[in-house]
Amino acid sequence: MDFSFTEEQKQIKALAKEFCQREADLKRFEEIAAKTFEARTVEALRAVFPYDLLEKLHQVGLRQLSIPQKYGGTAPETDVNVTLTMAAEEVGYWGGRIVDPLMIPWLFLRGIATNMYVTEEQRQWIFSKFIENPRLVIATSVGEPAGGTDIHLPYDEGGGSILKVTAYKDGNEWVINGDKTFCSNGGTADFIMLAARTDKKAPVSRAMTFFWVPTDAPGITLTPNRMLTLEFGGNCQTHYDNVRVPESNLIGEVNKGFSVIESFFEAHLPGVSGSVGSMQRIYEQMREYAKQRIGGGKPIIEHTSIASKLGEMAVNLEALRSLLYRGAWEIDQVERAGGRALGESNWFWFTAGYAFFKQVSWRFCELATDIYGGMSASVDLPLGDFLKHIFYIRAAGLTVDVELIRASRDYDTRYREG
Ligand SMILES: Cc1cc2nc3c(=O)[nH]c(=O)nc-3n(C[C@H](O)[C@H](O)[C@H](O)COP(=O)(O)OP(=O)(O)OC[C@H]3O[C@@H](n4cnc5c(N)ncnc54)[C@H](O)[C@@H]3O)c2cc1C
């Protein structure tokens, strides 16, 4: 076992740190977050979005870190998942919210780069747009007002009742109708990766197709959701009324969209490692606080009630980090071997990593609140903001229950296969 990073990874780590130390303007991020929270229209969301930050991230090569070099990206030739997991952790530690605008492109464009049904032409289509325009924003939209879990699980017995947004072919175009919700980045996105039903009756895993939908297409209405806290870019409901997209906007093959979702989630581990970086930083600050703060005539860290809380947090953090990196490494090995075989699922590492992250981060906030006492509620400390962020991540994506259901299925298969 070798836990060291390669020279290339160390350079990327150093670049991420240096960039964040230069560009992390916490006051500005707070203002953007507050204005994003107040924004009621797409125009208002766009007016506060930090496009300049995207351009700077692009200039140093971080924005395009998940895109293979042959398409103009900066991804290393191998070990991309470990590299992104490490880079996200570093950005989360030094740059806090700088990690936000990186995550959707890192996770989802990696899925596009690796999915077996996505053609070279389709990859060129989006990667060239993304590389040529450093201000381009993308989003993904699967969840619907009637429910998101059954689409992702998938609940295949539901047949045509699961996934209600539809797309039908008309000549050389696809026509999209229906409603989606909770689309992160929806307010600022130029293109949304939309999951639509392209077979009226088949179970969702065999009826879904992804399309790139330009957000300025006639027939789209985007309405910002009012959320407790937001990524930069807002979170939107989207209504599609006979929205037409050309055949070239297809992602992968018709009715093979579930495989695209699987590729998206396989690439998802960096999505929480940014928060591991933030937790590490909070932990370090809190430990210092516990050394300074006096209670019962001595630094509170000398009370076993405080020391054992810090110990529990440290153990959980390391266990979480180990699981995330192990998962990223496993996925890298599959990619090295030429990719996932047809019909094979590689979800265990994603579901296990996310479920464990959500449990550990929730407990982390609970313990940190008790250690800081009244100070935990102060806006001068990062804990309150982080707590909202953890609540947000826990609510986004699959629930812990569903992640664990999927983890148990996939782990069982792995165990039987030896
Ligand atoms: C902050 C945030 C950001 C988001 N960003 C995006 C995004 O960018 N793109 C996107 O597509 N979606 C996004 N979502 C939507 C998210 O993916 C869904 O909220 C999620 O899939 C759960 O769906 P739901 O909210 O409809 O809950 P439901 O599906 O209604 O589930 C409710 C409860 O029932 C349980 N449940 C439901 N069905 C089953 C089942 N078959 N078996 C066992 N338990 C079940 C669930 O575990 C949960 O506990 C976001 C959500 C949030 C909150």
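A straight Cα-to-Cα reach below 12 Å connects Lys256 with the aspartates and glutamates Asp199, residues fewer than 8 places away in its own chain not being considered.
At 27 Å minimum axial length over the Cα atoms and a Kyte-Doolittle cut of -0.5, report the qualifying DSSP H helices in the chain, or say none. Membrane-span-like by this rule: 304-336, 348-372.
FRET efficiency for Glu312 and Asp241, Cβ-Cβ distance as r, R0 = 51 Å, nearest 0.05? The calculated FRET efficiency here is 0.45.
For region 212-251, the residues whose amide N sits under 19 Å from a probe point set 7 Å from the Cα of Glu120 along the beta carbon direction are 248-251.
Pairwise Cα separations in region 268-417 fall into 10 Å bins from 0 onward with the following percentages, short to long: 10, 35, 28, 16, 8, 2, 0. The lysine pair count for region 7-135, using Cα distances under 19 Å and pairs eight or more places apart or on different chains, is 7. For the chain, modelled as a Gaussian network with Cα springs under 10 Å, which listed residue fluctuates most, Gly353, Gly297, Gly147? In the Gaussian network model the winner is Gly297.
For region 7-135, the Cα-based Rg and Dmax, in that order, read 15.3, 46 Å.
For an R0 of 30 angstrom, estimate the FRET efficiency from the Cβ-Cβ distance between Gln292 and Asp2 and round to the nearest 0.05. The value I calculate is 0.20. Using all pairs of distinct alpha-carbon atoms, the Kirkwood hydrodynamic radius of region 139-255 works out to 14.1 angstrom. Calculated over the chain, the projected area of the Cα convex hull averaged across directions stands at 20.7 nm².
Across region 139-255, the relative contact order, built from alpha-carbon pairs under 8 Å that are at least six residues apart, equals 31 percent. Charging the Cβ of each Asp and Glu at -1 and of each Lys and Arg at +1, and nothing else, the dipole of the chain about its Cα centre rounds to 540 debye. Contact order, relative form, for the chain: 17 percent (alpha carbon pairs under 8 Å, 6 or more residues apart, mean separation divided by residue count).
Every number in this text was worked out from the coordinates using simple rules, so none of it is lab data. Owing to the predicted nature of the structure, the values given are computational and were not obtained by experimental measurement. Every residue, glycine among them, receives a Cβ derived from its backbone with ideal geometry; neighbour counts consider all protein chains shown.
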